[in-house]
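Remarks on the structure that follows.
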Amino acid sequence: MFVVTGASSGIGRAVTVALAERDQSVLAVARDSNRLSQLAVQFSRVTALASDLLTTEGVRQVVDACAAHGSLAGIVHAAGTLIEPQAFGAIDTGVLLDEMRVHVMAPIELNQRLRAQLSRIVFLDSYSSNDLRVGWAAYSIVKAAAQMAARSAAEELRDVQVIRAFPGAVRTPLVDAVLNSPADSPTRRTFRALQSTGKLHPPDEIGEWIARLLLDTSDEELAARPTWQYGESF
Ligand SMILES: NC(=O)c1ccc[n+]([C@@H]2O[C@H](COP(=O)([O-])OP(=O)(O)OC[C@H]3O[C@@H](n4cnc5c(N)ncnc54)[C@H](OP(=O)(O)O)[C@@H]3O)[C@@H](O)[C@H]2O)c1
């Protein structure tokens with residue numbers, strides 16, 4: 001069984017669908033039980049688990065749901081949204097703290113508590129962790145912390161394959177909201193430029209790519225590359 005967090009939307013949902021279409025069992029984790037139930041109805045191999053990874057209880061629910069399964073084929077950490085762009089001087093530190101919890105702390109805790117069962121761990125990495133872009137400070141700060149967690153996991157968890165996957169820009173709901181917003185902004189211009197040059201990827205392509213990394217790539221191939229970038233592999 002695979003565990004996919006953030007399975008109700010965007011990349012996590014697409015990974016869940018791609019794995020289920022390849023006859024893999026998936027524990028699909030997110031808060032929105034309606035959207036998760038739709039997946040479980042569509043795919044008999046998908047089990048829905050409505051949990052809030054902002055909370056200790058939510059993390060415990062995932063660990064408990066995995067207890068009966070013995071070994072796990074892998075976990076994909078896709079929970080956590082693209083934080084809405086905001087000026088550095090106006091960063092909502094409450095939102096920042098919550099997103100640190102979901103993007104960084106929950107994956108660390110899940111990796112620790114499921115480690116004995118896990119074979120592969122996927123982190124969704126982002127160029128925002130290194131790029132300085134006006135309006136994106138909050139998201140970049142969170143993704144930089146998540147990247148260091150992923151790099152540390154890759155370095156220190158020797159008995160697990162850690163996959164740092166850079167999907168590039170993916171057309172998920174928040175990206176759509178920015179694209180369709182009436183107000184001009186640097187972010188809207190960036191996304192529109194990516195869209196017009198075909199660099200805004202559909203989530204289902206990214207889901208299939210992650211499924212190939214998990215199912216079709218040997219331990220030796222994974223160990224040979226520190227990062228995987230969509231469009232540069234397969
Ligand atoms: N989109 C991109 O261009 C892009 C590029 C590089 C990396 N990434 C990374 O890929 C990951 C997924 O991004 P996305 O664009 O697919 O976002 P998305 O469409 O907004 O999906 C985010 C998912 O996280 C879940 N989630 C949010 N808060 C949660 C919580 N407290 N507990 C449990 N689940 C929670 C949401 O479900 P509920 O609301 O139902 O809980 C949803 O399923 C993120 O780590 C993002 O940084 C995205």
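A short reminder: the numbers here are calculations on the coordinates, not readings from a lab. All values reported here derive from a predicted model rather than from experimental measurement. Cβ atoms come from the backbone with ideal geometry, glycine included; neighbour counts cover every protein chain shown.
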Per residue of the chain, what 222 nm ellipticity follows from adding -39500 (n - 2.57) for every DSSP H run with n ≥ 4, rounded to the nearest 500? -13500 deg cm²/dmol
What whole-number distance in Å separates the alpha-carbon centres of the stretch 50-69 and the stretch 162-234? 27 Å
The stretch 1-37 and the stretch 81-136: distance between their alpha carbon centers, rounded to Å: 19 Å
³J(HN,Hα) computed for each position of the stretch 40-46 - Karplus, 6.51 cos²θ - 1.76 cosθ + 1.60, integer Hz, glycine/proline x: 5, 5, 6, 10, 5, 7, 9
Residue with peak Gaussian network fluctuation, the chain [Cα springs, cutoff 10 Å], from PRO182, PRO203, PRO107: PRO182
Cα-projected label distance for LYS199 with ALA223, points at 7 Å along beta-carbon direction, nm: 3.5 nm
How would you classify the stretch 74-180 from its alpha-carbon gyration tensor, with a ≥ b ≥ c the square roots of the eigenvalues: rounded for a/c under 1.5, else prolate if a/b is greater than b/c, otherwise oblate? prolate
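Rounded, prolate or oblate for the chain? Axes are the square roots of the Cα gyration tensor eigenvalues, ordered a ≥ b ≥ c, and the cut-off for rounded is a/c under 1.5. Show your work: numbers first, answer last.
Values: a/c = 1.43, a/b = 1.40, b/c = 1.02.
Rounded, because the longest to shortest axis ratio a/c is under 1.5.
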Using a Förster distance of 35 Å, the FRET efficiency for GLU21-LEU97 (Cβ separation, nearest 0.05): 0.45
Full extension between GLN112 and LEU157 adds, at 0.36 nm per residue less the Cα distance, a length in nm of 15.2 nm
Quick calc: nm separation of the 7 Å Cα→Cβ label points for PHE88 and ASP176 -> 3.3 nm
